[in-house]
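Have a look at the structure below before the remarks.
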């Protein structure tokens, strides 16, 4: 990307690339750009040429080039993330700087109950459990990026397809397919993968 960076007088005397990097980060990071997605980071800032002064403004203006690290969630994309919140209406999964919602109707093909004491969702017949700290794989089903940044953008996801859901469920399903001894998929302690 290329842009013009305004360097205010109080920042004169410091490294030009460092100041330009700070200004660009404050202007772009956590901003949603329709064509690129959510800007996560500004990298490799390079200031070019000499600065210009505009009448009535004591700042210097420099042309700069830089790279942007962005996240553009795509419809039907399969993502993996950690469950960061469990509610009676679904789970929130952290994917990069944003949390996606998997509604309770999109978690599994089973009647699900919310265990408030354990703060977990449990399948009645399958006894499969989802709780905070589990790692899951889900498919993006809706994307609504808001100019308010990652905090106002919304991602909807589903896990009701083969080989989606908790990573422990997926491992158990793969063992069944290979004909290995099928064990009940027990949940690993929070934050650990089996």
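Any read-out appearing in this document is the output of simple, stated calculations on the displayed coordinates, not a laboratory observation. From a predicted model like this one, the values you see are computed outputs, not experimental measurements. A quick note on method: Cβ atoms are made from the backbone with ideal geometry, for glycine too, and the neighbour counts reach across all protein chains shown.
General observations
- Residue-level check: of (1) surrounded by fewer than 14 Cβ atoms within 10 Å (Cβ to Cβ); (2) more than 22 Å from the chain's Cα centre (by Cα); (3) more than 23 Å from residue 37 (Cβ to Cβ), residue 114 misses just (1).
- Among the candidates 121, 174, residue that is part of a strand (DSSP E or B) and farther than 27 Å from residue 37 by Cβ: 121
- Some residue of segment 59-70 being farther than 20 Å from residue 147 by Cβ and free of Cβ contacts under 8 Å to residues at least 24 places away in the same chain: no
- Verdict on residue 89 being touching a helix residue (DSSP H, G or I) at 6+ places or on another chain (Cβ under 8 Å), under 30 Å from residue 142 (Cβ atoms), surrounded by fewer than 20 Cβ atoms within 10 Å (Cβ to Cβ) and free of Cβ contacts under 8 Å to residues at least 60 places away in the same chain: yes
- Filtered residues of segment 153-171 (kept if part of a loop (DSSP other than H, G, I, E, B), touching a helix residue (DSSP H, G or I) at 6+ places or on another chain (Cβ under 7 Å) and surrounded by fewer than 20 Cβ atoms within 10 Å (Cβ to Cβ)): 160, 163
- Positions within segment 71-86 being more than 20 Å from residue 144 (Cα to Cα) and touching a helix residue (DSSP H, G or I) at 6+ places or on another chain (Cβ under 9 Å), in sequence order: none
Yes or no, residue by residue, for (1) over 30 Å from residue 24 (Cβ atoms); (2) surrounded by 20 or more Cβ atoms within 10 Å (Cβ to Cβ):
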residue: 84; (1), (2): no, no
residue: 110; (1), (2): yes, no
residue: 124; (1), (2): yes, no
residue: 128; (1), (2): yes, yes
residue: 132; (1), (2): yes, no
residue: 139; (1), (2): yes, no
residue: 175; (1), (2): yes, no
